[in-house]
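Engineer: Take this structure first; my questions come after.
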Amino acid sequence: MTLLKTSLGTCEVQRYPKVRDQTLLPFDHADKMLLNFFANESILSHEKLTHTFIVNDEFGALTCALSSNCSVTHWTDSLLSQIATKKNLSLNFVESSVEFLNSTDEFINSKNPLPSRRPDLILMRLPKNLNHFKHQLCILSECFPEIPIWFGIMQKFITPQVKKVIEKYCINIDAGRSEKKARVIKAVFPATQNTVKTDILEHAESYTVTQQGTRPFKIVSLPNVFSANSLDIGSRFLLDNFPDLSSYKSIADFGCGNGLLSIFAGLVNPNITVTGYDESYHAIVSAKKSAELNHLNNIEFKISNCANDAPDQSHDGVLCNPPFHQQRRVTTDTAHYMFEQAFRVLKNQGTIWVIANRHLNYHHALQKIFGNAMLLASNPRFVILCSTKTEEVL
């Protein structure tokens, strides 16, 4: 049990997915400072704060603590964050009307961007991706002129680049004081007559991949997608050593991002079907647009926590480029969960191919789950591993 104690009271918050390292908490002191500041503001303010807009509340700590004090809108790019917050609301028996919006809703519902109600206050946790931070502040500043925003940030993440972004979009900035290595920066969005770009792809970057064995293809990435403006070196190594999929019918791509691996697989093997899964809304929109630009109709992309909605034994093969971070926290738990899900969705004799940094030692995890693991290629930084689901381990 992990209790979050602030001036607003006490609530229980858990990480989702659960992690093996129990020292990893679902909140930090920046969360506590934001909540304590909110409590003080409610006391000092002549008018009660009735609607709070919360950005990047990873596990729902802010939402759970505030939802009994005011109405809340929870805005994120992460399906996992939405799931975690809903689980934690239920854990605290909070019957609230929290409004959940993902990072693409404001473009789909462009006539009524972002929340259905104008907030009194915006609370924001800093995302890991600086481009995503810029993107979010651009939208918020245009949607909510003259609304105050408070940033809860651990001191070590307040870089010159972060300061420049805040200064670009905000006025009346008050950095406050540091407390237990955290800080709440208060600011206000200026009055503006700008309108939000209603086509989400106006916020995207793109690049062209030239790879032997197929025609050049274009990749589109929204701001919160990994390696948004260029091909990362790990993916390049896998493309150079790509498995022969000609004998397979159905391939899954776990953590598909902008769809790079899915699109290459579909281009080289037009007779297979490829399904890409990712928990980032920006990733799924990016991947769908990438497939459309490359005129591929044998690929689909689904928002999902690592294909947990896919039926058992539904794929012949799985491509996997797993992250080893959850936001800023280093963890291999996501990769291990991906390997377990791969075993579940693979048919007998199905294969998973994994590209990873060699120091992560995923060979042992695959061996434990599949009963076998083979090194296909390696360089000083990366390895490509594969495991096959056999009758002996069913």
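Since every read-out is calculated from the coordinates, none of them should be taken as a lab result. On a predicted model such as this, the values are computed, not experimentally measured, just so you know. Cβ coordinates were reconstructed from backbone atoms using ideal geometry, including for glycine residues, and neighbour counts include every protein chain displayed.
Engineer: Between Leu375 and Lys164, 0.36 nm times their residue separation minus their Cα-Cα distance comes to what?
Structural biologist: Taking 0.36 nm per residue and subtracting the Cα distance, the gain is 71.5 nm.
Engineer: Determine the sum of side-chain charges near Thr192: Lys and Arg each +1, Asp and Glu each -1, restricted to other residues whose C-beta is under 12 angstrom from that of Thr192.
Structural biologist: -2
Engineer: Taking the Cα atoms of the chain, report the difference between the largest and smallest coordinate on each principal axis, in whole Å and largest first.
Structural biologist: Here the Cα extents, ordered largest to smallest, are 70, 46, 38 Å.
Engineer: Further question on the same structure: What is the distance in Å between the Cα centroid of the range 205-271 and that of the range 137-192?
Structural biologist: When both Cα centres are located, 36 Å separates them.
Engineer: Sorted from fewest to most neighbouring beta carbons within 10 Å, what does the list Leu360, Leu239, Leu66 look like?
Structural biologist: Leu360, Leu239, Leu66
Engineer: Cut-off under 16 Å on the C-alpha distance; same-chain residues fewer than 8 positions from Lys389 excluded. Which aspartates and glutamates are left, in chain and number order?
Structural biologist: Within reach: Asp312, Asp316, Glu340.
Engineer: Consider all pairwise Cα distances in the range 3-188 and report the whole-number % of them above 26 Å.
Structural biologist: Counting pairs separated by more than 26 Å, the tail of P(r) holds 26 percent.
Engineer: Which whole-number percentage describes the relative contact order of the chain, with Cα contacts under 8 Å and a sequence gap of 6 or more?
Structural biologist: After rounding, I find 11 percent.
Engineer: Related question: Going by average Cβ neighbours within 10 Å, how do the peptides 206-219, 251-264 rank, with the highest at the top?
Structural biologist: By packing density, highest mean first, the sequence is 251-264, 206-219.
Engineer: Given N residues in the range 204-393, what is Rg(Cα) / (2.2 N^0.38 Å)?
Structural biologist: 0.94
Engineer: Grab the Cα-Cα distance for Glu12 and Ile147, subtract it from 0.36 nm times how many residues apart they are, and report the gain in nm with one decimal.
Structural biologist: 45.6 nm
Engineer: Placing unit charges on C-beta atoms (Lys and Arg positive, Asp and Glu negative, everything else neutral), compute the dipole magnitude of the chain about its Cα centre in debye, rounded to 20.
Structural biologist: Charge dipole, the chain, about its Cα centre: 880 debye, nearest 20.
Engineer: Around Phe382, which amide H atoms from residues at least 5 apart in sequence, or from another chain, sit under 5 Å from its own amide H, with H modelled in the peptide plane?
Structural biologist: Arg358
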